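A short worksheet on the structure shown next.
Just so it is clear, none of the values below were taken in a lab; they were calculated from the coordinates. Note that the coordinates shown come from a computational prediction; the quantities given were computed from them, not determined experimentally. With ideal geometry, Cβ positions are generated from the backbone for all residues, glycine too; neighbour counts draw on all protein chains shown.
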Amino acid sequence: EPRQDMSGLRILITAGRNAEPIDPVRFVTNRSTGKMGYAIAEAAVQRGALVTLVTGPSELRPPAGITTISVQTGQEMHDAVMAHVDVQDVIIGAAAVADYRPKLRHEQKLKKKDGPLVIEFERNPDILLEVGKRKRADQVLVGFAAETENVLENARGKLERKQADLFVANDVSQPGAGFGTDTNIVTLVDRAGDTPLPLLQKRDVADQILNRVLELRERGPVS
Ligand code: C5P
């Protein structure tokens, strides 16, 4: 049995993708499977945390002993997070939230017509950014940066802009990293510096992230 070093800590994790409807039978989505977020939820509950998992559509079964909130759209994910954020000690945004949604959600199935189809998109709320704005000093906020270039610079920029305490930077173009795989290659980016981790199972990456979260809670953020 793992060490109960998160006993009683409240942690909220977002995981997976969103489905943004175009009409009653069509939607826009991305390749996120939820594996990283679900692995963090499993690690946290095994270490004694009180876990709330806000998940988009996923084939995975949520770990036992946690509270799971299933959503479809980025707006629904936003609303679920905002309804539960204030009581949390730790918030981890592992979801690949849809940046855009179709501006119109057609009531009836779109009919084929001659010529191209144009769909206009509008921005979804940035959940992590909003949590960063309202978070208390005693709450630890963690984000993920999936990049294909300038990975560490981008992650550090997001750490500052979203007022997070830790970013998990991830070069999704490397084999064994990113969407759908059971392994990941990440660098932990916080205000004390960069910590590159080797190729690990996502479950082990999860424990490394939670170790760092506990250190940040003890030390307080380095400025
Ligand atoms: O800005 P970017 O999308 O690269 O930031 C990634 C981080 O922000 C992830 O932790 C993701 O869960 C979070 N995010 C969010 N809401 C969005 C977009 C990203 O919470 N609309």
Quick one: Karplus J couplings for the stretch 171-180, per residue in order, coefficients 6.51, -1.76, 1.60, θ = phi - 60°, nearest Hz, x for Gly and Pro? 8, 6, 8, 7, x, x, 10, x, 5, x
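Counting other Cβ atoms within 10 Å, keep those with at most 11, restrict to DSSP loop, and tell me which GluC sites (Glu not before Pro) in the stretch 147-223 are left.
Numbers: sites: 147, 149, 153, 160, 215, 218; in loops: 149.
For GluC sites (Glu not before Pro) across the stretch 147-223 that sit outside H, G, I, E and B with at most 11 neighbouring Cβ atoms in 10 Å, the list reads 149.
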Checking the stretch 1-91 for trypsin sites (Lys or Arg not before Pro) in a loop per DSSP with at most 16 other beta-carbon atoms within 10 Å yields 3, 31
Extension reserve of the residue 111-residue 149 stretch, reckoned as 0.36 nm per residue once the Cα distance is removed: 9.7 nm
Among 203-209, 88-94, 62-68, how do they line up from the highest to the lowest mean number of other beta-carbon atoms within 10 Å? 88-94, 203-209, 62-68
Share antiparallel - DSSP beta bridges, the chain, percent rounded to 5: 40
Quickly work out the residue 29-to-residue 99 label distance, labels modelled 7 Å from Cα along the C-beta direction, and quote it in nm with one decimal. 2.1
Can you work out ³J(HN,Hα) from phi for every residue in the stretch 23-37, in order, using Karplus 6.51 cos²θ - 1.76 cosθ + 1.60 and θ = phi - 60°, giving whole Hz and x for Gly and Pro? 8, x, 10, 10, 8, 10, 8, 9, 8, 5, 9, x, 4, 5, x
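Quick check on the stretch 10-219: what are the equivalent-ellipsoid semi-axes from the Cα gyration tensor, as sqrt(5λ), descending, whole Å? Let's see the in-between values first.
On the way: eigenvalues 175, 71, 58 Å².
Working from the Cα gyration tensor, I get semi-axes of 30, 19, 17 Å.
What ranking do 177-184, 107-114 get when scored by the average of other Cβ atoms within 10 Å per residue, highest first? Each step should come with its number before you reach the end.
Values: 177-184: 16.9, 107-114: 7.8.
Top to bottom by mean Cβ count within 10 Å: 177-184, 107-114.
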Over the chain, what is the relative contact order in whole percent, taking alpha-carbon pairs under 8 Å and six or more residues apart? 19
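Please tell me which of these pairs span more than 22 angstrom C-alpha to C-alpha: 135/158; 133/158; 35/103? Walk me through the numbers before you get to the answer.
On the way: 135/158 16 Å; 133/158 13 Å; 35/103 29 Å.
In this structure, 35/103 lie more than 22 Å apart at Cα.
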Note, residue 74: beta-carbon cut-off 14 Å, +1 each Lys/Arg, -1 each Asp/Glu, net -2
